[in-house]
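S.K.: Before we start, here is the structure in question, set down as structure tokens.
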Amino acid sequence: MAEVILTVNTEIGLKIEADVITPDTFAGKNKGEIEALQVWQGPEQFPLSAFFNVEGEAGASAEETSIVIKGDTSRVKRIGEKMTAGKITVEGSVSMHVGSQMEGGQLLVKGDADSWAGMELKGGLLHITGNAMDHVGCAYRGKWVGMSGGRIVIDGNANNNLGGGISGGEIIVGGNVGHYTGIRQNGGLIVVKGNAYRSVGAEMTGGTFVVKGTIERFSPGFEYMANESDLKFDDIECSGEFMKFTGDYAISKKPKGTLYVYQDTNMNL
């Protein structure tokens, strides 16, 4: 696989919109052509070389192209947006919309991610080793359907509205989540290995949600069904005893959503 290395060469003040940083856009281009790609900073456009030193050349296709990004990219938005194949590795934190509308390939962020990571993800793997802010895998404002395929893995914590409107795919969070996780979930799988705050699965009509930690404020529209042990969803395993609920009955008389809650950490339910 051909590799292109981007290294930040300046202090980035106003955030830049770098949706051109994808294997799809880089494919078939040499060093000079990659340097000339345009990014937005406020109302102006600049070549990619104004912010990054470029080494290497891309492969003939997106599948044959790997991008490695070094330096402080915490003010770089839209990395990997709409990518369909190939690989991106960011050796640090990123700004908003990393992997938004991603359809395939692998995107690894070795740090934190700002809001809207993996928004409306359709395929591929987005892996964030740090924490993530609001709206991970969520539907964008004014829309109802969020993530529909692929997988998002967050090793740390995630903030509010994770998985809003998710209809397919998988989100796995190693830490805690904030408010309204899985709101309007109608398909797919969400696994939270830490704690959740309030309104978990609110307005849920389908899909599966698993919480291994404590739920601070349980949603009232869920009905207890039974206990199940040692859950497994393909290669995702959740060991222990879980209480199984269906819901959200506040939205539908016949909801098809399933919420599993770890019994040992939620004895008050």
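S.K.: Return the total of residues in region 1-37 being buried (at least 18 other Cβ atoms within 10 Å of the Cβ), of a type in the set (G, A, S) and within 15 Å of P47 (Cα to Cα).
M.R.: Residues that pass the stated criteria total 1.
S.K.: Take region 92-148 and flag every residue that is among the aromatic types (F, W, Y) and within 20 Å of M204 (Cα to Cα).
M.R.: Y140, W144, listed by residue number.
S.K.: From the list Y180, Y224, exactly one residue is of a type in the set (S, T, Y) and within 19 Å of A117 (Cβ to Cβ). Which is it?
M.R.: Details: Y224 fails: within 19 Å of A117 (Cβ to Cβ).
Going through Y180, Y224 in turn, the sole match is Y180.
S.K.: Let me ask another. So which strands (runs of 3 or more DSSP E) stay within region 26-142 end to end and still have 3 or more residues that are farther than 25 Å from V191 by Cα and over 11 Å from the mean Cα position of the chain (by Cα)?
M.R.: 38-41, 44-47, 52-55, 65-70
S.K.: Here are the criteria: (1) among the β-branched types (V, I, T); (2) over 30 Å from S148 (Cα atoms); (3) touching a helix residue (DSSP H, G or I) at 6+ places or on another chain (Cβ under 8 Å). Tell me which single one T22 does not satisfy.
M.R.: It fails just one condition, (2).
S.K.: Evaluate region 137-144: report whether one residue or more is charged (D, E, K, R), in contact with a Gly (Cβ under 9 Å, 6 or more places away or on another chain) and either at pLDDT 95 or above or crowded, with 20+ Cβ neighbours inside 10 Å (or both).
M.R.: No, there is no match, as no residue in region 137-144 is charged (D, E, K, R), in contact with a Gly (Cβ under 9 Å, 6 or more places away or on another chain) and either at pLDDT 95 or above or crowded, with 20+ Cβ neighbours inside 10 Å (or both).
S.K.: Quick check on my filter: what residues within region 38-55 are in contact (Cβ under 8 Å) with a residue 40 or more places away in the chain and crowded, with 18+ Cβ neighbours inside 10 Å?
M.R.: Answer for region 38-55, where residues must be in contact (Cβ under 8 Å) with a residue 40 or more places away in the chain and crowded, with 18+ Cβ neighbours inside 10 Å: L48, F51, F52, V54.
S.K.: If you check every pair at least six apart or on different chains, which have Cβ atoms under 9 Å apart with a residue in region 86-102 that is surrounded by 21 or more Cβ atoms within 10 Å (Cβ to Cβ) first and a residue that is in a loop (DSSP other than H, G, I, E, B) and at pLDDT below 95 second?
M.R.: Correct list of pairs: G86/M1; K87/M1; S100/Y140.
S.K.: At pLDDT below 95 and of a type in the set (A, V, I, L, M, F, W, C), is that true of V153? Break it down into steps so the answer makes sense when it comes.
M.R.: Values: at pLDDT below 95: no; of a type in the set (A, V, I, L, M, F, W, C): yes.
The answer is no for V153.
S.K.: All but one of (1) over 22 Å from K110 (Cα atoms); (2) part of a loop (DSSP other than H, G, I, E, B); (3) modelled with pLDDT of 95 or more hold for G187; state the number of the condition that does not hold.
M.R.: (2)
S.K.: From the list G188, G164, G178, pick out the single residue that is over 20 Å from C238 (Cα atoms), surrounded by 24 or more Cβ atoms within 10 Å (Cβ to Cβ) and without any contact (Cβ under 8 Å) to a residue 60 or more places away in the chain. Explain how you work it out, then say what you get.
M.R.: Details: G188 fails: over 20 Å from C238 (Cα atoms); G178 fails: surrounded by 24 or more Cβ atoms within 10 Å (Cβ to Cβ).
On inspection, the qualifying residue turns out to be G164.
The values are calculated or read from the model by the stated rules, or taken from the named source; none is laboratory data. Given the structure is predicted, the values throughout are model-derived calculations rather than measurements. Ideal geometry is used to build each Cβ from the backbone, glycine not excepted, and the neighbour counts take in all protein chains shown.
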